[in-house]
Amino acid sequence: MSARMIMKLHVSDVYDEAPDVRVLTLRHPIRRELPESTPGAHVDLRLPNGKIRQYSLIGDPTDRTQYRIAVKREDDGRGGSRWVHESLKVGSEAHVSAPRNNFGLSSEAQKHVLVAGGIGVTPFLAMVQELSAADQHYTLHYSSRQPVPPFSDFLKDLCGDSVSIYTTHDPQAPRFDAETAFKTVEDGTHIYCCGPASLIDAVKRATAHWPPEQVHFEVFEPVIDENFTPEPFDIRIASTDAVLHVPADRSALDVLREEGFVLPSSCELGVCGTCKCTYSDGTVIHRDQVLSTAERQDQMMLCVSRARVRVTLDL
Ligand code: FES
């Protein structure tokens, strides 16, 4: 596990892409280059109360002089987007992590199908820049409740026939139909989805018969499973053979930190990928939104995932 570097960046530009979507450009006050990012990457933005929010980088991934993020104001949300809209102005300082990518483009894919809903379009803004520049085969399906969806002019200009925009405020307008689009499994096609839970669920259902390694999701909000009842379990530390007990009301991350392990974390909600740890045996109850099926064979997220009875961690 590696800690995420937090940088003090300056807001160099702000504009409203839509009445509730603000785009911010962030630059380092001294350094000309920021840490590299790849399409689909996000950064953590640290709020004044110490909480963290994740935002996809939407700019040209080859331009390392600046990061750009788009923040939708959610008045019923947890407060992060309100703070961004009300407090970050040109010249403000923003505490931002180096990028992390849990939603990268597959190098194996011969065709990419991108499915976006609402502000979930943001990771795809960088992806389509790379895919268009590399002349790769892709389609973007973008559904939005807005009559004029944010970034639609940019996407139409860049993607041409490769983008289909669905404006769901109009009941007569055509909708994206995941069941039909993904009825037939296609070798070499990778599907990527980011958007509200209803879209994620629809695409999960429609792709249930696809190989899991060909279907990718980006989720920034934890999925609340009200039926889950946490059970206590034990952690064995591989390097020392020590055994730590994790009570039902605490996380593995909390217990390990209390024992002196210095472990990075960010969201502590299972959505950012920072607290990943490898394990070598035990049955893990995965509760994150980050790891693929293959990764879950030997990795777990310490902030939310648990184990049945005992797990051995590579610490
Ligand atoms: Fe974000 Fe654990 S801290 S997934």
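The values are calculated or read from the model by the stated rules, or taken from the named source; none is laboratory data. Keep in mind the model is a prediction, meaning the values are calculated, not measured. FYI the Cβ positions are ideal-geometry reconstructions off the backbone, even for glycines, and counts take in every protein chain you see. We work out accessible area using only protein heavy atoms, side chains counted, and drop any ligands, DNA or RNA first. Shrake-Rupley method; radii C 1.70, N 1.55, O 1.52, S 1.80 Å.
Using only side-chain charges placed at the Cβ, +1 for Lys and Arg and -1 for Asp and Glu, the dipole size of the range 74-212 relative to its Cα centre rounds to 260 debye.
Summing charges over all other residues whose Cβ lies under 12 Å from the Cβ of Q129, with Lys and Arg as +1 and Asp and Glu as -1, gives -3.
Three principal axis extents of the range 1-132 based on alpha-carbon atoms, in descending order, are 43, 34, 29 Å.
Treating only the Cα positions of the range 46-118 as identical point scatterers, give the base-10 log of I(q)/I(0) from the Debye formula at each q in 0.15, 0.23 Å⁻¹. Ignoring solvent entirely, the Cα scatterers give -0.68, -1.28.
Working note: 222 nm ellipticity from helices only, DSSP H runs with n ≥ 4, each -39,500 (n - 2.57), summed and divided by the residues of the chain, gives -4000 deg cm²/dmol to the nearest 500.
Distance between the C-alpha centres of the range 160-191 and the range 1-46: 30 Å, rounded to the whole angstrom. Taking the chain as a Gaussian network of alpha-carbon nodes connected by springs under 10 Å, the highest mean-square fluctuation of the residues I30, I119, I200 belongs to I30.
Between Y166, T139, G50, the Cα set farthest toward the positive side of the dipole of the range 40-189 (charges on each charged residue's Cβ, about the Cα centre) is that of G50. Using only Cα atoms, find the angle between the long axis of helix 197-206 and the longest principal axis of the chain, and express it within 0 to 90 degrees, rounded to the nearest 10. That works out to roughly 90 degrees.
Treating each Cα of the range 1-45 as one equal point scatterer and applying the Debye formula with no solvent, the log10 of I(q)/I(0) at q = 0.22 Å⁻¹ comes out as -0.98.
Only one residue of G91, A70, L263 has its Cα farthest out toward the positive end of the dipole of the chain, where Lys and Arg carry +1 and Asp and Glu -1 on Cβ, and that residue is G91.
Can you tell me the orientation of helix 122-133 relative to the chain, as the angle in degrees between its alpha-carbon axis and the longest Cα principal axis, to the nearest 10? Approximately 60 degrees, to the nearest 10. Of the whole protein surface, T180 contributes about 90 Å² of accessible area at a 1.4 Å probe radius. Relative contact order of the chain: 15 percent, from C-alpha pairs under 8 Å at least 6 residues apart in sequence.
Summarise the accessible area of the range 96-192 (1.4 Å probe, protein heavy atoms) by the percent that is carbon and sulfur.
Details: 2060 of 4610 Å².
Of all accessible area on the range 96-192, carbon and sulfur atoms account for 45 percent.
Roughly how many percent of the accessible protein surface of the range 209-315 is carbon and sulfur, given a 1.4 Å probe and a whole-percent answer? Solvent-exposed carbon and sulfur of the range 209-315 make up 48 percent of the total. The alpha carbons of the range 69-188 occupy a box of 47, 38, 26 Å along the principal axes, longest dimension given first. Accessible area of R310 (1.4 Å probe, protein heavy atoms only, ligands and nucleic acids ignored): about 100 Å². Lysine pair count for the chain (Cα-Cα distance under 24 Å; residues 8 or more apart in sequence or on different chains): 13. For the range 62-106 versus the range 228-304, the spacing of their alpha-carbon centroids is 27 Å.
Computed over protein heavy atoms with a 1.4 Å probe, the accessible surface of the chain works out to 50 Å² per residue.
The residue among S81, Q289, T189 whose Cα reaches farthest toward the positive pole of the charge dipole of the chain, with charges on the beta-carbon of Lys, Arg, Asp and Glu, is S81. Converting the Cα gyration tensor eigenvalues of the chain into ellipsoid dimensions via √(5λ) gives semi-axes, longest first, of 33, 25, 18 Å. Taking the Cα centre of the range 166-280 as reference, the dipole from Cβ charges on Lys and Arg (+1) and Asp and Glu (-1) amounts to some 200 debye. Applying D = kT/(6 pi eta Rh) to the range 108-245, where Rh is the Kirkwood radius over alpha-carbon pairs, T corresponds to 25 °C and eta to 0.890 mPa s, the Stokes-Einstein value obtained is 144 µm²/s.
In the context of the full protein assembly, L155 retains an accessible surface of approximately 0 Å², using a probe radius of 1.4 Å and ignoring ligands and nucleic acids.
Overall, the chain carries a charge dipole of about 640 debye about its Cα centre when +1 sits on the Cβ of Lys and Arg and -1 on the Cβ of Asp and Glu, all other atoms neutral. When R145, R175, R53 are compared by accessible area of protein heavy atoms, the largest-first order is R145, R175, R53, using a 1.4 Å probe. Dimensions of the range 257-315 from C-alpha coordinates, computed as largest minus smallest value along each principal axis and given longest first, are 24, 23, 16 Å.
Out of every Cα pair in the range 192-281, what percent are spaced more than 20 Å from each other? All intermediate terms of the calculation are to be shown ahead of the outcome.
Values: 2132 of 4005 pairs.
Of all Cα-Cα pairs in the range 192-281, 53 percent lie more than 20 Å apart.
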